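Trainee: One structure, as structure tokens, below. Some questions next.
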Amino acid sequence: MQSQSNTSSLQSLVDDWSAEKQAFQVPWGKLMMWIFLLSDTFIFSIFLTAYMNVRISATAPWPNTSEVFALTIGGIHLPLILIAIMTFVLISSSGTMALAVNYAYKNNKKLAVKLMLATAFLGAMFVSMQAFEWSKLISEGVRPWSNPLGAEQFGACFFMITGFHGVHVSAGVIYLCIVAAKILAGHYDGRSLHIVEITGLYWHFVDLVWVFIFALFYLW
């Protein structure tokens with residue numbers, strides 16, 4: 001009897017999937033986003049693990065990140081000031097994104113869109129500051145294949161990790177603007193506003209990855 005019950009349950013699952021019905025109590029868009037984020041987690045984990053391995057095995061002195069990323073403002077030497085501001089901006093964008101999701105589920109589309117655009121603006125600010133950071137290091141002679149400040153691997157690790165993350169933030173800004181525009185155009189309404197939560201999942205993931213990059217690359 002138990003075998004027949006298991007066979008019946010399996011057949012029911014197969015029938016649901018083949019009929020393109022929802023097999024789990026999760027919207028397909030949300031499930032696919034989780035799968036995408038899981039795969040992206042593996043990629044970032046590989047990058048950060050490779051970076052740690054390279055840094056530990058480097059024979060030349062590793063540059064002091066506090067000095068490399070320091071700025072002098074008004075005659076005052078400020079270590080990691082730009083990185084601290086970038087981190088604050090990106091973490092703040094998580095707050096605006098969370099509020100956007102909250103108001104979307106309250107069916108307050110106008111406020112949700114405003115908060116999504118605020119999130120996109122903060123993300124664009126982050127990318128702009130990262131571009132400045134890149135230009136500063138390039139002007140100092142740092143390249144993926146060479147580094148006058150110390151270990152040659154530093155440049156490759158820096159441009160690979162921050163560049164890959166920067167692409168994700170840039171894509172997130174575009175994604176937020178497109179979804180916000182579609183909501184204003186009336187493409188999403190009522191229950192379909194869960195698209196805001198799906199967008200939020202991506203954005204919170206990007207923010208979380210930056211926390212690990214900040215801790216392992218800039219503070220170590």
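Trainee: Translational diffusion coefficient of the range 172-220 at 4 °C, 1.567 mPa s, Stokes-Einstein with Kirkwood Rh over Cα pairs, in µm²/s as a whole number. Present the calculation step by step, with values, prior to reporting the outcome.
Mentor: Details: Rh = 12.3 Å.
Roughly 105 µm²/s, to the nearest whole number.
Trainee: In debye, nearest 20: dipole of the chain around its Cα centre with unit charges on the Cβ of K, R (+) and D, E (-)?
Mentor: 520
Trainee: Can you tell me the 0 to 90 degree angle between the C-alpha axis of helix 2-18 and the longest principal axis of the chain, rounded to 10?
Mentor: With both axes taken from Cα atoms, the answer is about 70 degrees.
Trainee: Which order do the peptides 31-38, 160-167 take when ranked by the mean count of other beta-carbon atoms within 10 Å per residue, highest first?
Mentor: Per-residue mean Cβ counts within 10 Å order the peptides as 160-167, 31-38.
Trainee: Which residues' amide hydrogens lie under 5 Å from the amide hydrogen of ALA70, considering only partners 5 or more residues apart or on another chain, with H built in the peptide plane?
Mentor: Placed amide hydrogens put LEU80 under 5 Å from ALA70.
Trainee: Let me have the 222 nm mean residue ellipticity of the chain computed from DSSP H runs of 4+ only, each contributing -39500 (n - 2.57), with the sum over all residues rounded to the nearest 500. Provide the component values of the computation, followed by the final result.
Mentor: Details: 7 runs with 158 residues, N = 220.
After summing the helix terms and dividing by the residues of the chain, the value is -25000 deg cm²/dmol.
Trainee: Could you grab the relative contact order for the chain? Cα pairs under 8 Å, six or more apart, rounded to a whole percent.
Mentor: After rounding, I find 24 percent.
Trainee: Sticking with this structure for a sec: Based only on other Cβ atoms within 10 Å, what is the fewest-to-most ordering of PHE205, PHE42?
Mentor: In order of increasing Cβ crowding within 10 Å: PHE42, PHE205.
Trainee: I would also like to ask the following. Rounded to two decimals, what is the ratio between the C-alpha radius of gyration of the chain and 2.2 N^0.38 Å?
Mentor: Ratio of Rg to 2.2 N^0.38 Å for the chain: 1.29.
Trainee: Moving on. Taking amide hydrogens as modeled 1.01 Å from N in the peptide plane, which residues meet the under 5 Å criterion relative to LEU149, leaving out close sequence neighbours?
Mentor: Placed amide hydrogens put nothing under 5 Å from LEU149.
Trainee: Specify the longest stretch of the chain that does not include any exposed loop site, a site being one of the trypsin sites (Lys or Arg not before Pro) with a non-H, G, I, E, B DSSP assignment and at most 14 other Cβ atoms within 10 Å.
Mentor: Details: sites that count: LYS21, LYS106.
With a cap of 14 other Cβ atoms within 10 Å, the longest stretch comes to 107-220.
Trainee: Where does helix 81-105 land angle-wise versus the long Cα axis of the chain, in degrees 0 to 90, nearest 10?
Mentor: Its long axis makes an angle of about 10 degrees.
Trainee: Step through the residues of the range 46-62 one at a time and calculate ³J(HN,Hα) from phi using the Karplus curve (6.51 cos²θ - 1.76 cosθ + 1.60, θ = phi - 60°), rounding each to whole Hz and writing x for Gly and Pro.
Mentor: Result, rounded to whole Hz: 5, 4, 5, 5, 4, 4, 5, 5, 5, 5, 5, 8, 5, 8, 7, x, 7.
Trainee: Modelling each spin label as a point 7 Å along the Cα-to-Cβ direction, I'd like the LEU78/ALA60 distance in nm, to one decimal.
Mentor: 3.0
Trainee: Taking Cα centroids, how far is the range 81-115 from the range 205-220 in Å?
Mentor: Answer, in whole Å: 19.
A short reminder: the numbers here are calculations on the coordinates, not readings from a lab. Remember, it's a predicted structure, so these values are computed and weren't measured experimentally. Positions of Cβ are backbone-derived with ideal geometry, glycine not excepted, and every protein chain shown enters the neighbour counts.
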